[in-house]
Structures are given as C-alpha cells and as structure tokens.
Amino acid sequence: MRTDRARLFWICVAAAFALRLLHLWLIRDNPLFDRPIMDAAYHDQWARGLLAGTWPGPEPFFRAPLYMYLLAGLYAVFGGAFFPVLAFQGLISALGTGLAALTADRLWGRRAGWLAGLLLAGLWTSIYYSAELLLETLPVTLNLLLLWLLADRADGRPGWRRLGLAGLVLGLSAIARPNILIVAPAVAWYLLRGGFPRPTARGWAAAAVGLLLPILPVTVSNAVRGHDLVPIATQGGVNFYIGNNPASDGRTAIVPGTRPTWQGGYDDAIAMAEKDAGRDLKPSEVDRWFLRRGLAFWAREPLAALELYATKLRLLLAEGERSNDKYIYAWREWSPLLRLPIWPGWTVVLVLGALGWSRRDGAPGGRRLTLGVTALYAVSILLFFVNARFRLPVAAMLAIPAGAGADALWTALRRRRWTHGWPGPSVAALLAVVALGDLATFREHRTETNPFHHFTLGNAWLAKERIEDAGREYASALDIQRRTPQPHFDLIRDNLYDAFIGLRRREGRDDQALQLAREWVDLAPGSQPGRLWLGELLLAAGRLDEAAAHYEIALRTAPDDPRAQLGEAWVLLQRGDAGGALRRFQQLARRDGDLQALFGSGLALVQLGRDREAEPVFRDVLSREPGYWQAWGNLAEIRDRSGRLEEAREAYQRLLQAQPADARAHAWLAAHPR
C-alpha cells in the first residue's frame, strides 16, 4: 500500500513539474521574463537586497518575509538567474499536487487521489503563477502539506511529532501569508471532534511550539530593527481598509487618495495616517489606524458594507480571473501550452469540490477539516479584496474534494445513478450558474480590449530598447481606450502619455508628441505632467504665447513646481528677456541644483553679453555632466569670440565626441585647420 501511495505521489508530482517546466521554457522570451514588475519587482529587489545586506531596513516587515528569504537563497545557489529559480518554484508547486493527491486518497480512496492530483497538476492558474516571482506558490504547497499532515493519519490519537510538524508548517505558511492563521479554529475543531482520541497535552504543546518557532524570530527581528511590536508584518490594517471603505470595488488594491504605484501608495498611506494623528507614527500604529478606519466604515455604513461583501463574494465565486498586477489572460497568451483550451479552471474545481464534499462515504472528520479550512481561508480573502492570485490557495484546496467529486460523477455516469443525495448536485449546479454567469459581463480575457496590458508590454519593450515595438504597444493602448473606454484607465493614463510622449520626442517626432500632449490635457485638464509636457513641446515649436499660457496654469496649480518654473524661464529667454530669465534660472540652480537651470543661466549671460561670467557656468555644467554637448558648443563659441582658437578647437572636438553629426562644429574645424 505504501508503494502504491508513493507511486501516486511521485507520478502526480512528475506530471505537474513537467507541465510547469514546459510552460516556463515556452515563456522565456516574454519581455518581462527577466524584468519583473510591481510586486514581483519588489520581491526580486528585496531578495537581492538580502544578499547585498541592504534589506531589510530599520522598519518592521511590511510584507511577510518567508518568500523573500527563499528567493534570496535560490539566488545565492543559482547566481541570480531567473530560469532555474522559477524552475525550482515550479517544483514546489508540483509537490503540492502530490500532497493534494495523497490527502484525497486518504479521505476518499485511490481514484479520488489520482483525480485530485491531476486536476491540480493541470489547473492553469497554478501553472501560470508557478512561473511568476510572486509568493503564492509557496504558501499553497505549505497549506496542502498542513492538510495532509492532519488528514493522513491512522485512527488513533495523533502523535506529538506529527502535531509539532503540523504547527511548524502552519507557522511557516503564516510568515508567507499570515491570513492562513484564520484556519486555526477549523484545525482545533478537527483535533477535538474529528472522531479520533484527542491529542495529549504534550501534543498540544508540540503544536504550539511548532507554530511559534517560525513566527517568533520574525517578531524579534521586527522589535530589534524597528523598535516596534509587530508579530509578522504591518500590511494587514491597510489591506483591510482597502477592502472596507466606501470607495472600494472589492478588488482594486489601492488606498483611496493615494498614488496608484506600489511605492507611491505606500508612502502616501503613511503620510495620510500621520497627518491625521498630527505626529510621526510607528508602522504598527499606521497599521492600526487603517484597521480602525475599516471598522468605522462598518459602523457608519453597515448596509453599504454588506453590499460590498456581496460584491466580493460574487467576485470570489466568479469564473473570471481578475488580476491586480499583470493581466493574467494577456500574458497567458505568451504560453502556447496555456493557450490550449484543455486546462481546468476555477469553476471546474469549485463545482467538483461541492460534489466531493457531498459524498456520503469517505472519512467524515477529514471531509469537515478540508471544508472548514477552505471556507475559513475564503473568508480571509473576503475580509480584504479579491483577485486571481489571492484565491489560488482556495482553488488548490478545492482540488482535494474535486478529485472525490470527479470520482463520484464518473461512477454515477457509469451506473446511471447518483447515490449521495441531491443537496450536493443542487449546490454544485447553483455554484456553476453563479460562476459561469460572470462570463456574461467579464471582459478581462479579451486582450484586444485591454489597454493596460499593451501599456505594460510597451514599458517592457522600452526597457529593452525595442523602441518601435514600445511605440506600437503604446499606440495600441490609446487606440483601444479611444474605441472602447475602460474603467480605471486613469490609473495608467498619466504614465502612458508620459512614456509615449517621451518616446516620440526621443524619435524626433515632436509633431506627434505635441498631438499626444494636447489629447492628454483635453482628456485630463487637471493633469500637471500633461500640462508641463504641452508647455515644453509648444516652447520647442517656437509657440511662445501658447507655451507661456500653459506654464501659467501649471504655476497657479503648483507655484513651486520646478519644471513649470524652468519652462517659464525658457519662455522669458526666448522672448528676449534675458535678465528676467537669468534671475529665475539662478534661483532654480541654487535651490534645486537643476542642471538645465544652470545651463540656462549660462545662455542668459551670453545673451546679456557677459561671456566672462558665462564661461565658468558652462564649465560647471560640464563638470557635472561631461556629455552635455550643448554646453561644449557654447563654450567653444565663447572661446572663439575671445580669440582662443586652440581652446575653441578642443571644445568643438569634445562636442563632436558627444554629437558626431553636429554641422556647426564640422564647419568651424574645416574653416580653422591647424
């Protein structure tokens, strides 16, 4: 029997690992494969920081740290290469399929075990996330290991070693995703009322010690580094508020009133709490401030809160996979493997799981354990917000009863009779209707109407200096938004236009850049970056009055905006008011150390006929930025006017090193041979 169970485990693991390794190989040319973004980028940065000694910082952990330590260890072993690290992560995911198979085998029999393992092996979201630098894969496998340790036992009292190991696994999962701690009541109930002799005091003590063993070092580290009592991490309160406020839609992971970027949102959230408190706050105090805000929403608007939770429940049960980082359907298209329409998804494991739990045979205590743990973990998601990767642990747990459900369904079809009562099929049918009904309005799987994906892809190509490809993707994003306006486009609007205008300027297509800037300002008149781009492009086109008008609006909005002040100074210089321009340039150069302002002050001095004062200014510019070719050109002209031809020659030669096609330098050097 042990040999048969070992065969079940290793065949499921091998099948799952083969699929994950093949998927990883097929997406290795993905432009983001070696350039992680958003959460994945921070995981990568923190893991490398661990190796470099720059992370963690002096504050408590904001996010539970286990995955970052695992990632750092893998980087140390594999030299920081992404492919072997993600392949190892695929192996971790594959081990989870074997554990799911063993648990289903113990509770419902061998065929249920095979089906559970193969369902999880082929679950497309599990395959997808195994190749992402995200922490979901690790706690998924730890959670499945916990269920196996608890369910896979003889009918006698659980031994203290197994309970200690179960506690240790729960603790490790908690320092990867702390919300797993919500399942503790279901575990305790199972140990007390699961139909077995209750654990001894030694067993309970072993479980408690095992649980605390991974958590206490994190708590101590937080106290020593941050002088703050934080058991694991400080993101719980802010995440609770994100999912419990009047503006929440149940899925968007942004604190209302903060910037839609990871670091910007983090900094703004702290500033928001400290402004309200009127003092600097410890991270734990910020965490509690947001927790109180979320609870106050329930106290003030209970009906709105209940409506929000109904929305989150609908999103949790829905077939559509809603991402909060990269758009999962668009990036799935990069994998020829996942493009095949054969892989089980959420609705399959949900419906089959309901059928499995309704079976009248099997181990009743284990059935209640898996149901209780899965249901409580689902509640932990509802407490915050719903997205594809947060519910992946639920889908993985569902695979265990789903194997039993698939087994029962197959038996019923062969025998033409369902023998487990009709409540199960009725619930399964209702869940299928609710889940699949989502597809009537779900649109995120239609990549042709998704501007967000094209924006992300454009950024990836731009980072790889694939300028033409980046421009094509940015243009596609805007074309989609013009044809079929998408909600939440404002989250990327400013960054998209800013990147696209910068790219067009880099290509020398200022006319298109100007058109984009006008569209941006028409779409969002209050956008300061859009207004400033429009001013700069009008200035470059010599349309000084229009540029001045936009800079004036920008300065009314933000009087101390250095970019607007710099633009106003350039307008003055081009209008011939060199004295007024000089005062503004010098003020900016002194206040902000702005290199363009320093260069502008040199130009203003030249216009005023003060070459002797301008020359050291240009030299100062070049000491900070030796490749600033415009400064070499002006320095050469000053030296030429003062009759220092050899010094002028040197400056023109340096200019040509930075700008080989400069006609003025070539003409001067041709007219002044040695």
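Output the residues belonging to the range 407-423 that are in contact with a Ser or Thr (Cβ under 7 Å, 6 or more places away or on another chain) and open to solvent by 90 Å² or more (accessible area, probe 1.4 Å).
423 - this is the single residue of the range 407-423 that is in contact with a Ser or Thr (Cβ under 7 Å, 6 or more places away or on another chain) and open to solvent by 90 Å² or more (accessible area, probe 1.4 Å).
Being open to solvent by less than 40 Å² (accessible area, probe 1.4 Å) and either touching a strand residue (DSSP E or B) at 6+ places or on another chain (Cβ under 7 Å) or not in a loop (DSSP other than H, G, I, E, B) (or both) is the filter here, so list the residues in the range 29-41 that pass it.
Passing the criteria: 39, 40, 41.
So which of 379, 386 is assigned to a helix (DSSP H, G or I), within 30 Å of residue 306 (Cα to Cα) and not aromatic (Phe, Trp, Tyr)?
Numbers: 386 fails: assigned to a helix (DSSP H, G or I).
Just a single option satisfies the conditions, and that option is 379.
Identify the residue in the range 505-529 that is among the polar types (S, T, N, Q) and more than 28 Å from the chain's Cα centre (by Cα) and, among all such residues, is nearest to residue 565 (Cα to Cα).
Narrowing the range 505-529 to residues among the polar types (S, T, N, Q): 512, 515, 527-528.
Now narrow it down to the ones that are more than 28 Å from the chain's Cα centre (by Cα): 512, 515.
Values: 512: 25, 515: 23 Å.
For the range 505-529, the residue satisfying everything is 515.
Looking at the range 49-73, which of the residues that are of a type outside the set (Gly, Ala, Ser), part of a helix (DSSP H, G or I) and within 22 Å of residue 180 (Cβ to Cβ) is most open to solvent (accessible area, probe 1.4 Å)?
Applying the first criterion (of a type outside the set (Gly, Ala, Ser)) to the range 49-73 yields 50-51, 54-56, 58-63, 65-71.
Right, trim to part of a helix (DSSP H, G or I) and you get 50-51, 66-71.
Now drop any that are not within 22 Å of residue 180 (Cβ to Cβ), which leaves 66-71.
On the way: 66: 37, 67: 5, 68: 0, 69: 106, 70: 50, 71: 2 Å².
Among those residues, the one meeting the criterion is 69.
Within the range 123-131, does at least one residue satisfy the condition of being in a loop (DSSP other than H, G, I, E, B), within 24 Å of residue 22 (Cβ to Cβ) and either open to solvent by less than 20 Å² (accessible area, probe 1.4 Å) or in contact (Cβ under 8 Å) with a residue 40 or more places away in the chain (or both)?
yes
Taking residue 531 as the residue in question, decide whether it is outside any loop (DSSP other than H, G, I, E, B) and modelled with pLDDT under 90.
no
Would you mind finding the one in 147, 135 that is in a helix (DSSP H, G or I) and at negative phi?
Answer to the check: 147.
Helices (runs of 4 or more DSSP H) wholly in the range 441-525 with at least 3 residues that are within 19 Å of residue 550 (Cβ to Cβ) - which ones?
By residue number, 490-506, 510-523.
Among the residues of the range 648-671, are any without any contact (Cβ under 8 Å) to a residue 60 or more places away in the chain, among the small types (Gly, Ala, Ser), under 26 Å from residue 536 (Cα atoms) and surrounded by fewer than 13 Cβ atoms within 10 Å (Cβ to Cβ)?
Within the range 648-671, the subset without any contact (Cβ under 8 Å) to a residue 60 or more places away in the chain is 648-671.
Filter again for among the small types (Gly, Ala, Ser), leaving 648, 651, 658, 661, 663, 665, 667, 670-671.
With the extra rule that they be under 26 Å from residue 536 (Cα atoms), the set shrinks to 658, 661, 663.
Still in the list and also surrounded by fewer than 13 Cβ atoms within 10 Å (Cβ to Cβ): 661, 663.
Yes, because at least one residue in the range 648-671 is without any contact (Cβ under 8 Å) to a residue 60 or more places away in the chain, among the small types (Gly, Ala, Ser), under 26 Å from residue 536 (Cα atoms) and surrounded by fewer than 13 Cβ atoms within 10 Å (Cβ to Cβ).
Please verify whether residue 237 is open to solvent by less than 50 Å² (accessible area, probe 1.4 Å) and on the phi > 0 side of the Ramachandran plot, treating the condition exactly as stated.
Against the criterion (open to solvent by less than 50 Å² (accessible area, probe 1.4 Å) and on the phi > 0 side of the Ramachandran plot), residue 237 does not qualify.
Pairs please, first residue from the range 152-179 and open to solvent by 10 Å² or more (accessible area, probe 1.4 Å) and modelled with pLDDT under 95, second anywhere and polar (S, T, N, Q) and part of a loop (DSSP other than H, G, I, E, B), Cβ atoms under 8 Å, 6+ apart in sequence or on different chains.
157/200; 160/200
Pick out, from the range 537-626, the helices (runs of 4 or more DSSP H) lying fully within it that include 3 or more residues that are within 22 Å of residue 647 (Cα to Cα) and open to solvent by less than 40 Å² (accessible area, probe 1.4 Å).
Those helices (runs of 4 or more DSSP H) span 595-607, 611-624.
Of the residues that sit in the range 440-459 and are under 14 Å from residue 481 (Cα atoms) and among the β-branched types (Val, Ile, Thr), which one is farthest from the chain's Cα centre (by Cα)?
If we take residues in the range 440-459 being under 14 Å from residue 481 (Cα atoms) and among the β-branched types (Val, Ile, Thr), then 449 is farthest from the chain's Cα centre (by Cα).
The values are calculated or read from the model by the stated rules, or taken from the named source; none is laboratory data. Everything quoted here is computed from the prediction, not taken from an experiment. All Cβ positions, glycine included, derive from the backbone under ideal geometry; neighbour counts span all protein chains shown. Side chains included, ligands, DNA and RNA excluded: accessible areas come from the protein's heavy atoms. Shrake-Rupley method; radii C 1.70, N 1.55, O 1.52, S 1.80 Å.
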